[in-house]
Amino acid sequence: MRVISALSLITALLAGQVAAAPDKLIIAGQLLDVRSGELHAEQAILLQQDRVHSIMPVNQLSTEQQQLPRTDLSAYTLLPGLIDMHVHLTANPAQHGYRRLQQTPARQALFGVTAAQATLQAGFTTVRNLGAAGFTDVDLRDAINAGEIRGPRMRVSGPSLCMTGGHCDNNLLPHTYQASSDGVANGADAIRAKVRSNMKYGADVIKFTATGGVLSRNTDVNASQYSLAEMQALVEEAKDRGAIVAAHAHGLRGIKRALEAGVHSIEHASFIDDEAIKLAKRNGSYLVMDIYVSDYILQEGEAAGILPESLAKERTVGQLQRQNFRKAVKAGLNIAYGTDAGVYTHGLNARQFNYMVQWGMTPLQAIQSATLHAAELLNWRNEQGQLNVGVLQAGAYADMVAVKGNPLEQITLLEQIPVVIKGGEVVKTP
Ligand code: ARG
């Protein structure tokens, strides 16, 4: 009898149904509940390995719990580790345009090691990497998970999909070179095969380009890429594999078509109008609008090799995108935080918070976009079906950042985060 109950206890433990005892303690001066927006004073976060075990007021800790090894952050405000839903960790922001041609995937992966560190040090404990040649993002994710290098948790897409000559293609060289990118696929069947192949080689997410882009040569931000039938095939195939779909789209036609095809998020969403906002709202789709990067492109882009035609395109996109961001916020759309870091310097991911507040969000909404709402879009869950990241609650990864002061009153505090904890491990101290 005893053997049986011991066995069933072990089985239950293995299945994660019984919470093992906590082994560590973090004391928070204040803890921000990103669901309610409330700040709770004097909280104890009990950890069990890399997960949150439970959270309670410090004065309710048992004598036994008080003995646990502790990290004392009683002078700080704690919140969940931040999430950037649109980065390119293997992209070097100093090498745009034709300079990109000199970069092998191996070189990009090596660059990604330092970019991953800078991103984590900035307080971003989870990122979604949307587009990497040669599956360098898969390798980077796996090296981080294996503990070989430090970096954020990564959800990755592998190479972005697009049509021949699309935003994800290599359009820099003439026909003689026959250059094309990993993710190019045309027609429903080829697109399905490409989705399958991306999943086979380790992608968690499917990214495709539904319009031209700013930084690609010879593409029009207003022109749609892929037919509705092609997008529908892509989305169906991805959903069959349980993958989230992110569509790059600036122009209105491409935005609407991608929404109609059922994508989970529109990246950039620059020229979105009221009708498309309604469509996104009805579908529950998210917008990931990178409203900081325009400043960087226009100020530093030329020196980094960004093509003159791209600078000209950016002048037609940046301000309108910000105005439309304001509209989307007013309409109450789902918005997740994404910056396109990699186009600009890694580790400056938090600069966008202040822009989001300038353009219509409350500081709490901006923080929710980079925690709770980003996590909901990621839809990355533990065995109990609860979010793994973006919230501090029992069963989630013990990922958090600490700032001195109240970020709800001063959002720019997030630009210089002094303490970062990932999986219960303190990876940055002041
Ligand atoms: N990767 C994007 C593109 O090339 C960057 C767009 C940046 N501009 C902006 N206003 N968000 O299209």
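Residue check: is residue 92 open to solvent by 10 Å² or more (accessible area, probe 1.4 Å), touching a helix residue (DSSP H, G or I) at 6+ places or on another chain (Cβ under 7 Å) and among the polar types (S, T, N, Q)?
Spelling it out, residue 92 is indeed open to solvent by 10 Å² or more (accessible area, probe 1.4 Å), touching a helix residue (DSSP H, G or I) at 6+ places or on another chain (Cβ under 7 Å) and among the polar types (S, T, N, Q).
Return the residues of region 41-84 that are charged (D, E, K, R), within 20 Å of residue 406 (Cα to Cα) and either touching a helix residue (DSSP H, G or I) at 6+ places or on another chain (Cβ under 8 Å) or surrounded by 13 or more Cβ atoms within 10 Å (Cβ to Cβ) (or both); say none if nothing qualifies.
Listed by number, the list holds a single entry, 42.
Across region 347-363, what is the number of residues that are surrounded by fewer than 24 Cβ atoms within 10 Å (Cβ to Cβ) and in contact with a Leu (Cβ under 6 Å, 6 or more places away or on another chain)?
1
If you scan region 315-341, which residues turn out to be open to solvent by 10 Å² or more (accessible area, probe 1.4 Å) and within 12 Å of the ligand (Cβ to nearest atom)?
Result: 315, 316, 319, 320, 322, 323, 324, 340.
Does region 161-190 hold any residues that are more than 16 Å from residue 130 (Cβ to Cβ) and open to solvent by 70 Å² or more (accessible area, probe 1.4 Å), and which are they?
Result: 164, 174, 175, 176, 177, 178, 180, 186, 189.
Go through (1) of a type outside the set (S, T, N, Q); (2) in contact (Cβ under 8 Å) with a residue 60 or more places away in the chain; (3) closer than 25 Å to residue 255 by Cβ; (4) touching a Lys or Arg at 6+ places or on another chain (Cβ under 9 Å) and name the single condition residue 163 misses.
Single failed check for residue 163: (4).
Mind listing whichever residues of region 191-214 are surrounded by 15 or more Cβ atoms within 10 Å (Cβ to Cβ) and more than 18 Å from residue 136 (Cβ to Cβ)?
191, 192, 195, 208, 209, 210, 211, 212, 213, 214 - these are the residues of region 191-214 that are surrounded by 15 or more Cβ atoms within 10 Å (Cβ to Cβ) and more than 18 Å from residue 136 (Cβ to Cβ).
In this structure, is residue 344 within 16 Å of the ligand (Cβ to nearest atom) and either under 20 Å from residue 264 (Cα atoms) or open to solvent by less than 20 Å² (accessible area, probe 1.4 Å) (or both)?
So residue 344 fits the description; yes.
Output the number of residues of region 207-219 satisfying the condition of being away from the ligand (no atom under 11 Å from the Cβ) and more than 14 Å from residue 246 (Cβ to Cβ).
1
Got at least one residue in region 224-238 being closer than 16 Å to residue 132 by Cβ and out of contact with any strand residue (DSSP E or B) (no Cβ under 7 Å at 6 or more places or on another chain)?
So far as region 224-238 goes, no, none of its residues is closer than 16 Å to residue 132 by Cβ and out of contact with any strand residue (DSSP E or B) (no Cβ under 7 Å at 6 or more places or on another chain).
Out of curiosity, is residue 366 more than 16 Å from the ligand (Cβ to nearest atom), modelled with pLDDT of 95 or more, small (Gly, Ala, Ser) and under 22 Å from residue 45 (Cβ atoms)?
Taking the combined requirement at face value, the residue does not satisfy it.
The values are calculated or read from the model by the stated rules, or taken from the named source; none is laboratory data. None of the values given here were measured: they were computed from a predicted structure. Quick reminder, even Gly has a Cβ in these numbers, built from the backbone with ideal geometry, and neighbours come from all protein chains shown. Just so you know, the surface numbers come from the protein's heavy atoms only, side chains and all, with ligands and any DNA or RNA stripped out. Shrake-Rupley method; radii C 1.70, N 1.55, O 1.52, S 1.80 Å.
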